[in-house]
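A short worksheet on the structure shown next.
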Amino acid sequence: VRLACTGRFLLCSKKRKGIMKVFIKNKLVSWGGGSDVTDISGNPVYKVKGRVLSIGRRKIMCDLEGNTLFVIRNRWFNPIRHKTYIKDAEGNRVATVYSKAFDLTRLYADTEKGQYTVQGKFFGRSSTILRDGVPVAILERQITVVVDAFSLEASPEDMPFMTALVIALDNLCDNRSK
């Protein structure tokens, strides 16, 4: 995986050696709603596969060798409060992604490492992802006509989870809009 230092990511910890930037783009033609995750050179970074018949819009995020990193799925029954879950390869829930009842401008994820908050509108041009109030990633919406596409900047050690979080947020917002 090639790393790209963007220079504008000083809002994170000074301990971080480099910043990785990936592009997450939903596939235009996909049986199950998969996504492409590539680096700045267009090389694949992760594989995201969707399921054709999936009640909760289940997506599986794998490394390039095909090993499952995370499973992302919506709660199958969302009458009032929409939720999406991120599970690890063993099926343990590592995050619950949700929006609060009367706060549709922010999205949240509760994890063992702390609470993540997306500051700024998820479908706006740019958002900051905070962990317990500290910025850890920058998310930007890429302008496309047909599919959802995002760029994400985060530290290499945070990138797998941050990528899963963006996919979960996209699932949550797609589910909420229906």
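The values are calculated or read from the model by the stated rules, or taken from the named source; none is laboratory data. What you see is a predicted model, and the numbers here were worked out from it, not measured in a lab. So basically every Cβ, Gly included, is an ideal-geometry build from the backbone, and we count neighbours across all protein chains shown.
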In region 140-178, which residues are hydroxyl-bearing (Ser, Thr, Tyr) and modelled with pLDDT under 85?
Thr144, Ser177
Quick one: would you say Leu10 is assigned to a loop (DSSP other than H, G, I, E, B), farther than 26 Å from Arg131 by Cβ and either in contact with a helix residue (DSSP H, G or I) (Cβ under 6 Å, 6 or more places away or on another chain) or modelled with pLDDT under 65 (or both)?
no
Tell me whether region 94-104 contains one or more residues that are at pLDDT below 95, among the hydrophobic types (A, V, I, L, M, F, W, C), part of a strand (DSSP E or B) and more than 23 Å from Ile60 (Cα to Cα).
yes
